[in-house]
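*Asks:* Okay, handing you the structure first.
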Amino acid sequence: MDKQINATGEGANITTSARDDQIVEEKGQEGSTQSAGSSVGEKKKGDTSDFQELYEESLRSIQEGELVRGEIVQIDKEFVLVDIGYKSEGQIPIREFIDPHGNITARVGDKVDVLLERREDDEGIILLSKEKANKIKIWDEIREIYERDGTIRGKIISRVKGGMSVDIGLAAFLPGSQIDLKPVKDFDGLIGTTHDFKILKYNRRRSNIVLSRRAILEAERNRLRQQTLEVLENGAVLQGKVKNITDYGLFIDLGGIDGLLHITDMSWGRVGHPSEMYQVGDEITVKVLSIDPESERVSLGLKQLKPDPWTQADERYPVGSRIHGHVVSLADYGAFVEIEEGIEGLIHVSEMSWTRKIRHPSQVVKVGDEVEAVVLNIDSANKRISLGLKQIEPNPWDIIEDKYPVGTTIEGRIKNITDFGIFIGIDEGIDGLVHISDFSWTRRIKHPSEIYRKGQVVQAVVLNIDKENERFSLGIKQLTPDPWESVPERYKPGTRITGVVTNVTDFGVFVELEEGIEGLIHVSELSKDKSGNPLSRFKTDDVIQAKVINVSKAEKKIGLSVRKLEESDEKEIYKSYVNTRSEATSNLGELLRKGMIKFQDRADNAEGGEEQAAPREQGEGEGESALAEEGFRPTEADENKGDDGGQKEDNVEERPVGDESERLETL
């Protein structure tokens, strides 16, 4: 076709030149002579006839629909005139010479291939087309490339259904599955890019062309694969490119073969995600760790290109040395500090402060903080280093015992209140605990908030310091003497007390003897009630009396009894009665004695007869009167006794009368 186009063009040019030479020659001869011989005229007529035949022959060789080569001779606003060796120049619309930026690409004198659409119209105009000529040439080129399995370069111009549209001089279709070796997610990102393509098939009649980029990539991959297999072996150091990134590592394209660089083999240090170190497309140097020939799986390593830093960790970080690092992560139990790439140490929460109770490391440090710590222990075999943060400063518990010896009175502010006591701030980071049992010697307190509030300043006595367990015990009640020290002296067994009932329980009654001192009357020590329930007699706030039966200073308990108090009262009443009775008996005997003495004297002095009888009777009457005046009367024994005196005074029976008789019945 090209040869035909060139031949046609050259023939047209030759014909045109011959014609021009003939015209020049005729003009030259015209001025030299006006009359020529017959031989000359015949010769001129023969030359003209030959030129005409050649010209007509050239016109017959150019047919509509053929490609010809011409020369641009003129450019105007609407058309470009091209000389193709015809009797007149052909016209091409100027739009066919305007590029996408609006610039005219045609220049006078440029050679162009055109298609003769129509030889002459009614106005004698020859119509030409540059675009159609290019398409015919491209189709020929496509056929040639397809037959020799070559490649054609094109530009992706737009996205269409099922793939992309590619400009190769003609519009061609690139299926989505043929764009790359792996599925493409961002089609729009390919628009405007230029690539080489394989022609899968074409149909000139339907103007259909199907391209493939994947076929080229697969061929290149196979070529590189063979090259890589020749050098692939354990321990080999290869250059690759990051092909894909996952949470567990990187896939590296080694050249037709993909290898996995696991996240654990990327660095001796901590790697949160592979994307922190590399991105897709990055060049990377790796070491082959293992190869599986059957599955063609290749394991790669990056950290193996450097020596393990733990091999010399014992020498570089001895116990007791100070290190500097930055916090890389936090856990509930501590903070991990990177000392250098590949070496991390743990600061446990218990090693963060001498005095504060650290519940989470975030209370002290955060990720990214630069810290200084002391090496407490190192285990290179297991790749572990224990670090201490609090060891940077001296332990305040080492000097607290000297500063606050037991028995010292301190003053501080209440920092916290709990169910079991209050915490008082003593020194920076050191709090002392006052247990609820050390609030008062006598008062019963259910909750510390009943008498204390947070922020209140209080005094307390140092009771104990446990340096090992870091505990500081304080007491408030120890500021005053223990009243129970004198309770056994003030409430001895047998003492009658008066108190107020504070509580009535199933097992007895609690009685407050004085502020803070209570005694218990056990149910067995209560007097029986007519209803049978001894507790029914008592109510809270009743004022009652009882008798102390026992006292325990160690247990701070006082035992009381109402029953024994009542029994004691009965004995006192009986004893009082007995004493009164004895007094009455002594008075009667004395009267009888005196009466008998008088009576005996009178009997001895009588000389007989009635003279003596009268005084005797009078004496007896006086004795009886005296007894009657004392409130007693003689018994039958007294009336029946003989003259010799009969019974002794002790046999005289007492007969209480009046109130005394009623009192005896009551007892």
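The values are calculated or read from the model by the stated rules, or taken from the named source; none is laboratory data. Remember, it's a predicted structure, so these values are computed and weren't measured experimentally. Please note: Cβ atoms are built from the backbone with ideal geometry, for glycine as well, and neighbour counts cover all protein chains shown. Areas reflect the complete protein model, heavy atoms only, side chains present, ligands, DNA and RNA absent. Shrake-Rupley method; radii C 1.70, N 1.55, O 1.52, S 1.80 Å.
*Asks:* Which whole-Hz couplings ³J(HN,Hα) result when phi for each residue of the stretch 181-188 is put into the Karplus expression 6.51 cos²θ - 1.76 cosθ + 1.60, θ = phi - 60°, listed in order with x for Gly and Pro?
*Replies:* Result, rounded to whole Hz: 6, 10, x, 8, 8, 10, 5, 5.
*Asks:* Working from the pairwise distances between different alpha carbons, so that the mean of 1/r is found and then inverted, what is the stretch 402-472's Kirkwood radius in Å?
*Replies:* 12.6
*Asks:* On to the next question. FRET efficiency for Phe420 and Asp482, Cβ-Cβ distance as r, R0 = 25 Å, nearest 0.05?
*Replies:* After rounding, the FRET efficiency stands at 0.70.
*Asks:* Calculate, in nm to one decimal, what Lys306 and Tyr333 gain on full extension: separation in residues at 0.36 nm each, minus their alpha carbon distance.
*Replies:* Working it through step by step, the gained length comes to 6.6 nm.
*Asks:* Compute the distance in nm between two label points, each set 7 Å from the Cα along the Cα-to-Cβ direction, one at Lys366 and one at Asn222.
*Replies:* With each label placed 7 Å out from Cα toward Cβ, I get 5.8 nm.
*Asks:* While we're on this one: In debye, nearest 20, what is the charge dipole magnitude of the stretch 274-359 about its Cα centre with +1 on Lys and Arg Cβ and -1 on Asp and Glu Cβ, if you could check?
*Replies:* So the dipole magnitude of the stretch 274-359 works out to roughly 560 debye.
*Asks:* Now for a separate question. Taking the Cα centre of the stretch 456-538 as the origin, how large is its charge dipole in debye, to the nearest 20, when only Lys and Arg (+1) and Asp and Glu (-1) carry charge on their Cβ atoms?
*Replies:* 360
*Asks:* To continue, here is another question. In nm, what is the difference between 0.36 nm times the number of residues separating Gln545 and Met596 and their Cα-Cα distance?
*Replies:* 13.2 nm
*Asks:* Considering only Ile497, Leu513, Trp484, whose Cα is most displaced toward the positive end of the charge dipole of the stretch 464-538, charges sitting on Cβ of Lys, Arg (+1) and Asp, Glu (-1)?
*Replies:* Positive-end residue among those listed: Ile497.
*Asks:* Mind listing the long-range amide H neighbours of Asn416? Cut-off is under 5 Å, sequence gap 5 or more, other chains count too, H placed in the peptide plane at 1.01 Å from N.
*Replies:* HN-HN under 5 Å from Asn416: Phe423.
*Asks:* Between Ser440 and Arg297, what FRET efficiency follows from the Cβ-Cβ distance if R0 is 51 Å, with the result rounded to 0.05?
*Replies:* About 0.05, to the nearest 0.05.
*Asks:* Right, something else. What per residue convex hull volume, in Å³, comes out for the stretch 261-311 when only alpha-carbon positions are used?
*Replies:* Dividing the Cα hull volume of the stretch 261-311 by its residues yields 96 Å³.
*Asks:* Bin all alpha-carbon pair distances of the stretch 187-245 at 10 Å intervals from 0 and give each bin's fraction as a whole percent.
*Replies:* Going from the shortest bin to the longest, the percentages are 16, 31, 30, 16, 7, 1.
*Asks:* Give the calculated FRET efficiency between Ser321 and Thr246 to the nearest 0.05, with a Förster radius of 45 Å applied to their Cβ-Cβ distance.
*Replies:* The pair Ser321/Thr246 has a calculated efficiency of 0.70.
*Asks:* Could you check how much of the accessible area of the stretch 371-472 is carbon and sulfur, as a whole percent, using a 1.4 Å probe?
*Replies:* 43
*Asks:* For the stretch 423-541, give the share of DSSP beta bridges that are antiparallel, in percent and rounded to the nearest 5; count only bridges with both residues there.
*Replies:* Beta bridges within the stretch 423-541, antiparallel portion: roughly 90 percent.
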